[in-house]
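Before any comments, here is the structure.
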Amino acid sequence: MNASLKKQLTEPLWLRVVLITLTFLFLAALVGLPIVIVIIEAFSKGWGAYRDALTQPDVISALKLTLLVAAIAVPLNVVFGLAASWAIAKFEFRGKQLLITLIDLPFSVSPVISGLVYILLFGAHSMMGDWLIRHDIQIIFAVPGLVLATIFVTFPFVARELIPLMQEQGVEQEEAAVLLGANGWQTFRRVTLPNIKWGLLYGVLLCNARAMGEFGAVSVVSGHIKGETTTIPLYVEILYNEYNFVAAFAVASLLLLLGFVTLAAKKIVSRQERGQHGH
Amino acid sequence: MGIEVRNIGKQFGAFAALDNISLSINSGELVALLGPSGSGKTTLLRIIAGMESADVGEILLYGAAANNKPAGERNVGFVFQHYALFRHMTVFDNIAFGLTVRPKETRPSKAAIRERVFNLLKMVHLENFHDRYPHQLSGGQRQRVALARALAVEPKMLLLDEPFGALDAKVRQELRRWLRRLHDEIHLTSVFVTHDQEEAMEVADRVVVMSNGRIEQIGTPEEVYHHPANAFVYDFLGNYNEFTGWQENAGSALNLIDYERQTDAPAGAKIVKVFARPHDMDVSKTDTFGGESIAAKVMHINPAGALVKLELERVRNPGLLLQAEISQDAVLAQAIRKSDVVYVRPRATRIFMNS
Amino acid sequence: MKSSSTVLPGFRLTLAFTILYLLVIVLIPLAGLFVRSATLSADEFIAAVSAPRVMASYRVTFLAAFAAALINAVFGFLIAWVLVRYKFAGKKLCDTLIDLPFALPTAVAGIAMAALYAPDGWIGKYLAMMGLQIAFNPYGIVVVLAFVSLPFVVRTLQPVLQDLDKDIEEAALGLGATRAQTFWRVLLPHVAPAWITGVTMALARALGEYGSVIFIAGNLPMVSEIVPVIIVSKLEQYDYAGATAVALVMLLASFALLLLVNVLQGWSARRMRA
C-alpha cells in the first residue's frame with residue numbers, strides 16, 4: 001500500500017487526537033472518577049478508621065454470608081452451565097434455539113423482579129406460604145431466599161460463556177476419544193474440559209462477581225436483618241443510609257477489589273486463551 | 001470375512017443417505033469408498049464405526065453382529081479428515097490416550113505404553129516429535145499422528161474418512177504411497193473414504209463406487225476403470241468425449257453419425273450415446289481414417305504430463321469440444337500447433353445401454 | 001464442522017438436567033408472577049399499573065434508560081472505533097476499564113456516583129455553582145445508567161470493527177469515494193446491525209437497573225422514582241398484588257426488547273452470510 005493511500009485510510013491527526021481525548025475524558029468521568037472516589041472516601045479518616053470499619057462483627061458476618069451464598073450459587077450454576085452447553089453444543093435437537101433464549105432470560109429480568117418472584121412463591125402470603133410456615137421452613141428473609149435470588153440473576157453466566165466455545169470446537173475430538181474406548185466421564189474430563197477450561201474459568205469469575213455483588217434481587221428477599229441476612233452490598237447501603245460514609249466506602253472498597261480481581265483474571269484468561277488458540 | 005454390510009439403509013429426514021447397501025470386505029483387504037459428496041460414503045463409514053446407527057440392515061464385524069455394539073467396543077481405529085487430535089495433549093499423550101483410558105485390569109503398564117507409543121512413532125517416522133503439540137506439526141505430520149493414535153489400541157479394522165483431504169497435493173501423494181506400504185506391512189482390514197478417483201485407484205485393493213446412497217460398482221481398480229458398470233462410474237473415473245452413434249441391434253457393429261463421412265442411421269436402428277476417453281483418441285493431421293473421423297480445430301495444447309492434452313473444437317459443430325491425449329512424440333512428429341485442423345477418431349469406445 | 005453426534009454419551013441426562021434446572025429456577029418462578037397477577041380483576045390490574053405515580057415512574061425509567069442508551073450509542077461507537085483503529089498510550093487501560101461496570105457491584109457505583117454528583121460532592125459542587133444539579137433528579141439516573149450499560153455497545157461493536165475488511169475501505173477509496181463517503185456509505189451500514197443490537201442490549205440493562213440508581217436518584221415520587229423502586233415500595237407496604245402487576249408490565253417490556261435483540265441478531269447474521 002502506498003503512503004498516500006494509507007494516509008487516506010485513517011483520519012487526519014487532529015481528528016485522531018480529538019477522538020482519543022474524548023475517549024479518555026468520557027472514561028475518566030464515567031469509570032475512573034468513581035473508582036478514585038471510593039478509595040479516597042474509604043481512607044478519608046485514615047487507615048485506622050478504615051481498618052475499624054472492616055473489622056466490625058457485622059461486616060465480618062456480612063462477608064461470611066456473601067461468601068456462603070456465592071459458594072452455593074456459583075457451583076450450582078457451573079454444573080448447570082456444563083450440562084447445558086454439553087447438550088446444546090454437542091447434539092442437535094428441536095427447540096435448541098428456544099432453549100438458548102430461555103437460558104438468557106434472567107439477563108433481561110430486572111433484579112428486583114428476580115427477587116419478587118421468589119417472594120410470590122415462598123413468602124408468607126404466597127401459594128406455598130402456609131405450608132412452609134406449618135413446617136417451620138423459612139426461605140424468604142433467610143439464607144435460602146438469598147441463594148435462590150442469586151442463582152437466578154447469575155444463572156446464564158457460565159452457560160453463555162461455554163455454549164459458543166463448545167459449538168466452535170465441534171465434536172470430532174470427543175468422537176475420537178469415544179472410538180478409542182474412553183467412557184463418557186473420561187471423554188469429558190480428559191478431552192472436553194481441557195479445551196474449555198479458560199472459557200469456563202472466565203464464566204465462573206463473572207458469575208462469582210455478580211453473585212457477590214448482587215444488590216437488587218437479594219435486597220428484595222433479604223429483610224435486611226443485620227448480622228443474619230445482610231450481604232456485603234446490602235451492608236454498604238445500610239451504612240450509607242446511616243450517614244456512616246467512611247464505613248460505607250471502606251466496605252465498598254472490598255467490592256471494588258473484587259471487581260479489580262475479576263478484571264485482572266479476565267486479562268489473564270483471555271491471554272491464555274489466545275495462547276491456546278494462537279496458532 | 002472382515003466387515004460385512006447387509007442391506008443397510010439410512011434416512012436423514014426425507015433424504016436417503018444410504019439405500020440398501022450390501023458390501024463384504026475381506027480381512028486384510030484395503031478398500032476405498034469412492035464417490036462425490038453426498039453419495040453416502042462417509043455415512044457408511046460412520047455406521048461401520050458405530051458413530052451413526054443404520055435405520056435398517058445389519059453390520060457384522062469378523063462374523064459377529066455389531067449393530068448394538070457401542071463404538072468404543074468395536075475394535076476399530078478411526079482417522080478423521082481434520083485429524084481430531086487432542087490439541088492440549090502432546091503427540092505422545094495423543095497416541096497413548098486409547099491405552100490410558102482402559103480400565104485398570106486391562107491397561108498396560110506405563111513402560112509398556114511407552115514402548116508401544118515409541119514403536120508407533122517410529123513407524124510413522126515421528127520419533128523426535130513425541131513432546132510436540134499438534135499445532136506445532138504440519139498437516140501431514142498431524143495425520144500420521146492421528147494414524148498412530150488409531151493404531152495404538154491394536155484395532156482389528158482401520159477406518160479412514162478422507163484422510164488426505166485436507167492436505168496439499170504433494171503431501172497427499174507421499175502419504176498415499178506410505179499408507180499403501182504400511183498396509184502391505186501390517187495387513188489390517190482397512191476402509192477409506194475419498195472423492196478422489198486417482199487416490200482410490202492408487203491405494204486400494206478394491207474400489208466401491210457410490211452415488212446417491214447406492215453402490216454403483218465394486219471391483220479392483222482395473223475392473224472399475226476398464227470395465228465400468230455404468231455411465232456414472234465411467235463419468236466419475238475420468239474425462240471423456242461423447243458421440244452419437246447407431247446400432248442395428250445390441251452387440252452389432254457401432255457406427256458414428258458424427259463422422260465426416262456421414263452414415264445416417266437406417267430406419268429401425270437404435271441411436272446410442274458413445275463414449276471415449278481422451279487417451280483413447282487417435283489424432284492425425286491428415287485424414288488417414290478414410291472419412292471415419294471428425295475434423296476439429298486445435299484450441300489449446302497443454303504439454304504438462306506424460307501425455308500432451310489437446311483441446312479441440314469440432315469444425316462441423318463449432319461449440320462442441322473434444323479432448324485428446326497423445327504422446328509428446330506424436331505431437332512433434334506431426335508438428336501439431338494451435339489453430340491447426342486435425343482429424344480425430346476414437347480408438348476404443350463404450351456405450352451404456354441405460355443411458 | 002459437524003456439531004451433532006449420536007456416539008457421544010450424556011445427551012438425555014444433560015438435557016433433562018438443563019430443562020429441570022431451568023424450570024425450577026427460572027420458568028416456574030416467572031410463571032408464578034403471571035399466575036399471581038391473574039388473581040387481580042381487570043379493573044384492579046389497570047388501576048394498579050396506571051396510577052399517576054406509577055405512570056410517572058414509567059416515564060422516568062424509559063426516558064432515563066433511553067437517554068443512557070443514546071449516550072452509549074455515541075460514545076460507545078467512539079470508544080470502540082478508537083480502541084480498534086488507533087494506537088496510543090493507555091489503550092490497554094481503557095480497554096480494561098470498559099469491563100468495570102460488569103465487574104463492579106452496582107451498589108458501589110451508586111454510592112460513588114452519589115458522592116461525586118451530590119450538591120456538596122466533587123463534581124456536584126462545581127455544577128451547583130453553575131446552577132446545575134444532577135443528583136436526586138432524573139439526570140443522576142441517566143449518569144448511573146450510562147455507567148452500568150457502558151460495556152454493551154463497545155463490546156458488541158469491537159469485534160465487528162476488528163473483522164471489518166480493510167479491503168472494503170481501500171476498494172471504496174479506489175473507486176473515488178472520499179473518507180466521509182466511505183464512512184457513511186460503506187462502514188456504517190456494515191456495523192449498523194451490531195451497533196443497534198448493542199444499543200438495545202444497553203437499553204434493556206438500563207431499564208431494569210436498581211442498585212446503583214437508588215443512591216443518586218433521590219427517589220422522589222413523580223420526579224425521580226423508577227419502576228423497580230415502585231415495586232420495592234409496594235412490597236414494603238405488603239401490596240403484593242400491586243407490586244406483581246407493575247412487575248408484569250415491566251417484564252413484558254423487557255421480553256419485547258429481548259425479542260427485538262434476537263430478531264436483530266438473526267437479521268445481522270443473515271446479512272453477514274450474504
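If you go through the stretch C:170-199 and keep only what is within 14 Å of C:Val160 (Cβ to Cβ) and not small (Gly, Ala, Ser), you end up with C:Val186, C:Leu187, C:Leu188, C:Pro189, C:His190, C:Val191, C:Pro193, C:Trp195, C:Ile196, C:Thr197, C:Val199.
Per-residue answers, yes or no, for (1) under 17 Å from the mean Cα position of the chain (by Cα); (2) free of Cβ contacts under 8 Å to residues at least 12 places away in the same chain:
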{"position": "C:Val199", "(1), (2)": "yes, no"}
{"position": "C:Val213", "(1), (2)": "yes, no"}
{"position": "C:Ile230", "(1), (2)": "no, no"}
{"position": "C:Gln237", "(1), (2)": "no, yes"}
{"position": "C:Ser254", "(1), (2)": "yes, no"}
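Might you check whether a residue that is closer than 26 Å to C:Leu203 by Cβ, in a helix (DSSP H, G or I) and either open to solvent by 10 Å² or more (accessible area, probe 1.4 Å) or basic (Lys, Arg) (or both) occurs anywhere in the stretch A:146-157? Yes, because at least one residue in the stretch A:146-157 is closer than 26 Å to C:Leu203 by Cβ, in a helix (DSSP H, G or I) and either open to solvent by 10 Å² or more (accessible area, probe 1.4 Å) or basic (Lys, Arg) (or both). Report yes if some residue within the stretch A:143-154 is under 30 Å from B:Arg149 (Cα atoms) and either under 16 Å from the mean Cα position of the chain (by Cα) or within 9 Å of another protein chain (Cβ to nearest Cβ) (or both); otherwise report no. Scanning the stretch A:143-154, I find no residue that is under 30 Å from B:Arg149 (Cα atoms) and either under 16 Å from the mean Cα position of the chain (by Cα) or within 9 Å of another protein chain (Cβ to nearest Cβ) (or both), so the answer is no.
Taking the stretch C:58-86 as the range and being closer than 14 Å to C:Gln162 by Cα and more than 10 Å from chain A (Cβ to nearest Cβ) as the test, the residues that pass are C:Phe77, C:Val84. Of all residues in the stretch B:55-75, those that are at pLDDT 90 or above and closer than 17 Å to B:Asp161 by Cβ total 2.
Quick one: is A:His135 within 7 Å of chain C (Cβ to nearest Cβ) and either open to solvent by less than 10 Å² (accessible area, probe 1.4 Å) or more than 15 Å from the chain's Cα centre (by Cα) (or both)? For A:His135, the condition - within 7 Å of chain C (Cβ to nearest Cβ) and either open to solvent by less than 10 Å² (accessible area, probe 1.4 Å) or more than 15 Å from the chain's Cα centre (by Cα) (or both) - is not met. The condition of being of a type outside the set (A, V, I, L, M) and either surrounded by 20 or more Cβ atoms within 10 Å (Cβ to Cβ) or closer than 22 Å to B:Val233 by Cβ (or both) holds for only one of B:Gly245, B:Gly319, B:Gly268, that being B:Gly245.
Under 30 Å from C:Ala107 (Cα atoms), among the hydrophobic types (A, V, I, L, M, F, W, C), surrounded by 20 or more Cβ atoms within 10 Å (Cβ to Cβ) and touching a Pro at 6+ places or on another chain (Cβ under 8 Å): does that describe C:Leu150? Taking the combined requirement at face value, the residue satisfies it. Candidates are the residues of the stretch C:169-195 that are β-branched (Val, Ile, Thr) and part of a helix (DSSP H, G or I); the one that is most open to solvent (accessible area, probe 1.4 Å) is C:Val186. Go through the stretch A:181-197 and give me each residue that's over 20 Å from C:Arg12 (Cα atoms) and open to solvent by 40 Å² or more (accessible area, probe 1.4 Å). Correct list: A:Arg190, A:Lys197. Residue count for the stretch A:81-104, restricted to those that are out of contact with any Ser or Thr (no Cβ under 9 Å at 6 or more places or on another chain) and not acidic (Asp, Glu): 9. Before we move on, is B:Phe275 surrounded by 12 or more Cβ atoms within 10 Å (Cβ to Cβ) and in contact (Cβ under 8 Å) with a residue 60 or more places away in the chain? For B:Phe275, the condition - surrounded by 12 or more Cβ atoms within 10 Å (Cβ to Cβ) and in contact (Cβ under 8 Å) with a residue 60 or more places away in the chain - is met.
Yes/no per residue for (1) more than 10 Å from every other protein chain (Cβ to nearest Cβ); (2) more than 30 Å from C:Leu145 (Cα to Cα):
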{"position": "A:Leu13", "(1), (2)": "yes, yes"}
{"position": "A:Ile37", "(1), (2)": "no, no"}
{"position": "A:Gly46", "(1), (2)": "yes, yes"}
{"position": "A:Arg51", "(1), (2)": "yes, yes"}
{"position": "A:Ser85", "(1), (2)": "no, yes"}
{"position": "A:Ala89", "(1), (2)": "no, yes"}
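Looking across A:Pro111, A:Pro106, A:Pro57, one residue alone is surrounded by fewer than 16 Cβ atoms within 10 Å (Cβ to Cβ) and either at the interface with chain C (Cβ under 8 Å from one of its Cβ atoms) or more than 30 Å from C:Pro29 (Cα to Cα) (or both). It is A:Pro57. Of the numbered criteria (1) more than 19 Å from B:Leu320 (Cβ to Cβ); (2) open to solvent by 60 Å² or more (accessible area, probe 1.4 Å), the one B:Tyr240 fails is (1).
Every residue, every condition in (1) touching a residue at least 40 places away in the same chain (Cβ under 8 Å); (2) assigned to a loop (DSSP other than H, G, I, E, B); (3) within 25 Å of B:Tyr83 (Cα to Cα), yes or no:
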| residue | (1), (2), (3) |
| --- | --- |
| A:Thr187 | no, no, yes |
| A:Val191 | no, no, yes |
| A:Gly199 | yes, no, yes |
| A:Met212 | yes, no, no |
| A:Ser219 | yes, no, no |
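With respect to the conditions (1) facing another protein chain (nearest Cβ under 7 Å); (2) open to solvent by 10 Å² or more (accessible area, probe 1.4 Å); (3) of a type outside the set (Asp, Glu); (4) over 15 Å from the mean Cα position of the chain (by Cα), A:Lys96 falls short on a single one, namely (1).
Filtered by the rule that a residue be outside any helix (DSSP H, G or I) and surrounded by 11 or more Cβ atoms within 10 Å (Cβ to Cβ), the stretch B:105-129 gives B:Arg107, B:Pro108, B:Val124, B:His125, B:Leu126.
Among the residues of the stretch C:109-127, the ones that are assigned to a helix (DSSP H, G or I), touching a helix residue (DSSP H, G or I) at 6+ places or on another chain (Cβ under 7 Å), open to solvent by 20 Å² or more (accessible area, probe 1.4 Å) and more than 8 Å from chain A (Cβ to nearest Cβ) come to 1 in all. Considering only the stretch A:224-279, state which residues are of a type in the set (S, T, N, Q), in contact with a helix residue (DSSP H, G or I) (Cβ under 6 Å, 6 or more places away or on another chain) and assigned to a helix (DSSP H, G or I). Listed by number, the residues that qualify are A:Ser253, A:Thr262, A:Gln272.
For the stretch C:128-144, the count of residues that are of a type in the set (Gly, Ala, Ser) and part of a helix (DSSP H, G or I) is nonzero.
Restricting attention to the stretch A:255-279, the residues being more than 9 Å from every other protein chain (Cβ to nearest Cβ) and at pLDDT 90 or above number 1.
Is it true that A:Ile140 is outside any helix (DSSP H, G or I), out of contact with any Lys or Arg (no Cβ under 7 Å at 6 or more places or on another chain), under 30 Å from C:Val148 (Cα atoms) and among the β-branched types (Val, Ile, Thr)? Yes. Filtered by the rule that a residue be of a type in the set (D, E, K, R), open to solvent by 10 Å² or more (accessible area, probe 1.4 Å) and facing another protein chain (nearest Cβ under 7 Å), the stretch A:158-180 gives a lone residue, A:Glu172.
Here C:Thr106 clears all of (1) of a type in the set (Ser, Thr, Tyr); (2) within 7 Å of chain A (Cβ to nearest Cβ); (3) surrounded by fewer than 21 Cβ atoms within 10 Å (Cβ to Cβ) except the condition numbered (3).
For the stretch B:68-92, which positions are within 9 Å of another protein chain (Cβ to nearest Cβ) and in a helix (DSSP H, G or I)? Those that are within 9 Å of another protein chain (Cβ to nearest Cβ) and in a helix (DSSP H, G or I): B:Ala71, B:Gly72, B:Glu73.
The values are calculated or read from the model by the stated rules, or taken from the named source; none is laboratory data. Because the structure is a prediction, the values reported are computed rather than measured. Note that each Cβ is placed from the backbone with ideal geometry, even for glycine, and that neighbours are counted across all protein chains shown. Protein only, heavy atoms only, side chains kept; ligands, DNA and RNA dropped before computing areas. Shrake-Rupley method; radii C 1.70, N 1.55, O 1.52, S 1.80 Å.
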